[in-house]
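Quick notes on the structure that follows.
The values are calculated or read from the model by the stated rules, or taken from the named source; none is laboratory data. What you see is a predicted model; the values in this text were computed from it and never measured. Heads up, the Cβs are rebuilt from the backbone with ideal geometry, glycines too, and the neighbour counts pull from every protein chain shown. Quick note on the areas: whole protein, heavy atoms, side chains included, nothing else; ligands and nucleic acids left out. Shrake-Rupley method; radii C 1.70, N 1.55, O 1.52, S 1.80 Å.
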Amino acid sequence: MQIYLDYSATTPPRPEAIATMQTIASQQWGNPSSLHTWGQQAATVLETARMQVAGLIGAVNPETLYFTSGGTEADNLAIFGVTQQYSQPQHLIISSVEHSAIAEPAQRLEQQGWQVTRLAVNRQGRVDPQDLKGALQDNTVLVSIIYGQSEVGTLQPIEELAKIARNAGVLFHTDAVQVAGRLPLDVKRLGVDLLSLSSHKIYGLQGVGALYIRGGVKILPLFGGGGQEMSLRSGTQAVPIIAAFGTVAELAQQELMAESDRLRGLRDRLFDRLGDCSDLIPTGDRLHRLPHHVSFCLTEAAAQKSGITGKTLVRQLNLAGIGISAGSACHSGKLSPSPILTAMAYPEASALAGIRLTLGRDTTTADVDWTAMVLQQILDRLQCTRNNLQLTMYN
Ligand SMILES: Cc1ncc(COP(=O)(O)O)c(C=O)c1O
């Protein structure tokens, strides 16, 4: 039995996405910048996809959407596109639970003399809007706060945060990569200036994303070249996978309500099933939460006593045919605690022992029940083995 529960890492491309990509790659392979028939056919495909993706986020004008190579590039374009307009370092505000595609550019700016405020979060991973109010300065030029946190599933109060930034005349960006296709998105209602998306998180193909830039907001391109994407993202567009992005955006929009309700039901069932396991603590916010996202870490006592890390659990579940992911990262062979769980004030042992199970279109009730049972058995076995080992050593 094989159960994939890592839909936040990537989603299997829908058959409709593959069909679109194949059709376009074989029939409309022209360069969309070319003026002849072949080019103009590809340009039409591109503009259809732009409309479809714009529809998913409620952007009335499709020309506010700029295709990129993915969510990472969209995030970098937002951060550097805004900040590189200033000849002198200014002030940037992010949260302490950003994806590395925001956290690392911010760190790079800091090395270049920019002042970066990382807003603290509570135990559930939420930012307090009052903290944003307090952090704004005369020289703040951008606020970037992740909408749906990928590791712990917490949703931020984006509408409220964006309003605070807007009232202060500061641009507001959100990384909505994990939210798109899972919850309704409406850039106007949210009041954001910039918003990042990625195709492979919504059953499209890897290698394409988009940045929404509200009309009238000026940013600079990251690289020079042929001036594609309305001069903001040079480089010939990957038309077949962009077309597939359009296809899945439209389907996601149609299926959004039913699918997010279904996922929410499965998510809560998995939380309940694992709730009896005294060694596990649910992480993130249970109320303000991505509908497909379940995450836990080990209690400090269990993690210290057993020496189990998130990686151990990922490996053990993989042996049982179940694919999940761990929060902690491995740098140069050394496991480091998850920066997200650390920012949420979890002790180091727990921050090394975080896991994430993310559900999707193919996930069934049986998958959820089976996974909960297998995880419970693995934990019992690992704890037991460890205790027996210790007994043997002491004897
Ligand atoms: C919240 C978030 N932002 C950005 C990214 C990067 O997206 P991409 O893989 O398309 O570069 C990811 C991917 O894991 C993500 O979860």
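Couple of notes before you dig in:
- Subset of the stretch 227-251 that is under 14 Å from Ser33 (Cα atoms) and of a type in the set (S, T, N, Q) - its residue that is nearest to the chain's Cα centre (by Cα): Gln237
- Figure legend. Inter-residue proximity from the stretch 203-214: first residues crowded, with 22+ Cβ neighbours inside 10 Å, second residues of a type in the set (Lys, Arg), beta-carbon distance below 7 Å, spacing 6+ or different chains. Indicated pairs: Tyr203/Arg14; Tyr203/Arg361.
- Sole residue being of a type in the set (Gly, Ala, Ser), surrounded by fewer than 18 Cβ atoms within 10 Å (Cβ to Cβ) and either within 16 Å of the ligand (Cβ to nearest atom) or outside the structural domain of Arg50 (by TED's automatic domain parsing) (or both), chosen from Ser306, Ser234, Ser278: Ser278
- Selection status of Arg118, of a type in the set (D, E, K, R), surrounded by fewer than 24 Cβ atoms within 10 Å (Cβ to Cβ) and not in a helix (DSSP H, G or I): yes
- Of the residues making up the stretch 281-293, at least one is touching a strand residue (DSSP E or B) at 6+ places or on another chain (Cβ under 7 Å), closer than 15 Å to Leu379 by Cβ and crowded, with 17+ Cβ neighbours inside 10 Å.
- Considering the stretch 42-70, and only residues there that are open to solvent by 80 Å² or more (accessible area, probe 1.4 Å) and in a helix (DSSP H, G or I), the residue that is nearest to Glu255 (Cα to Cα) turns out to be Met51.
- Flag for Ile79 being of a type outside the set (S, T, N, Q) and over 23 Å from Pro240 (Cα atoms): yes
- Given (1) more than 16 Å from the ligand (Cβ to nearest atom); (2) aliphatic (A, V, I, L, M); (3) in a helix (DSSP H, G or I), number of the condition Ala244 does not satisfy: (1)
- For Ile79, the stated conditions do not hold, so it cannot be described as away from the ligand (no atom under 16 Å from the Cβ), of a type outside the set (Gly, Ala, Ser) and assigned to a helix (DSSP H, G or I).
- Residue check, Ile93 touching a helix residue (DSSP H, G or I) at 6+ places or on another chain (Cβ under 7 Å) and away from the ligand (no atom under 16 Å from the Cβ): yes
- Among residues of the stretch 101-115 that are in the same structural domain as Gln178 (by TED's automatic domain parsing) and aliphatic (A, V, I, L, M), those with a Cβ under 7 angstrom from a residue that is more than 16 Å from the ligand (Cβ to nearest atom) and in a helix (DSSP H, G or I), sequence gap 6+ or separate chain, pair up as Leu109/Thr83.
- Taken together, Leu190, Leu161, Leu136, Leu183 contain a single residue that is closer than 19 Å to Ala59 by Cβ, more than 13 Å from the ligand (Cβ to nearest atom) and without any contact (Cβ under 8 Å) to a residue 60 or more places away in the chain, which is Leu190.
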